[in-house]
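Read through the structure below, which is laid out as structure tokens, and then see the notes.
No lab work stands behind these numbers, since they all come straight from the coordinates. Model, not experiment: these values are computed from the prediction. Here the Cβ positions follow ideal geometry from the backbone for every residue, glycine too, while neighbour counts run over all protein chains shown.
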């Protein structure tokens, strides 16, 4: 559901007309359509390279698979068939909140700066979505993927160390070991939950304007 060139040109013309009466205050048009030009560049990149075409096909296929599931879940919560955009925008805020809570609880076992930073950036972007560009939001999806790989490696080594430390419960204290165990279990749950976070953020990033900025279309 990417914007085609005709839609983008119409949108640029509409923005230019809206801006015209305020030119004295806002200055020249330079830079006002950067986000739209960025969308045009993205479209050209997708069309003019084999890798871009493969990515576009993969994203289209993923959207086709994700939307029926989202429609079914949305219907359970009172969203009608044509209300995918508001459902996705609501859902992504809830998922970001859950991801943040899980990241906080995992800090009992480690200083989880990577996930906390990603959550903070996600909250900032969702709170000021009108000033966020699609490319910036897609970088967030990449960050979530990196955190997923990092946590797999971290849990592998940390769990091994935890198993070795089980015999030291008496010397270290049951409360400390209990907190560490709880934090590790939360970290595992967060890792299992991460594909949902990645999938949802990726789906929203595919049609970022249509879902998060519908008033601009």
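Things to note:
- Approximate spin-label separation residue 55-residue 128, in nm, with each point projected 7 Å along Cα-to-Cβ: 2.6
- Principal axis analysis of the Cα atoms in the stretch 82-160 yields extents of 48, 21, 20 Å, listed in decreasing size.
- Per-pair calculated FRET efficiency, R0 = 41 Å: residue 80 and residue 148 via Cβ, rounded to 0.05: 0.80
- Computed Rg/Rh of the stretch 73-216, alpha carbon atoms with Kirkwood Rh: 1.08
- Segment residue 161-residue 192, extension gain: residue separation times 0.36 nm, minus the distance between their alpha carbons: 9.1 nm
- Based on Cα contacts under 8 Å between residues 6+ apart, the stretch 73-216 shows a relative contact order of 40 percent.
- Centroid-to-centroid, using Cα positions, the stretch 93-131 and the stretch 173-190 are 20 Å apart.
- Modelled spin-label separation between residue 174 and residue 64, with each label point placed 7 Å from Cα along the Cα-to-Cβ direction: 5.8 nm.
- Once the C-beta distance of residue 71 and residue 136 is scaled by a Förster radius of 22 Å, the resulting FRET efficiency is 0.20 to the nearest 0.05.
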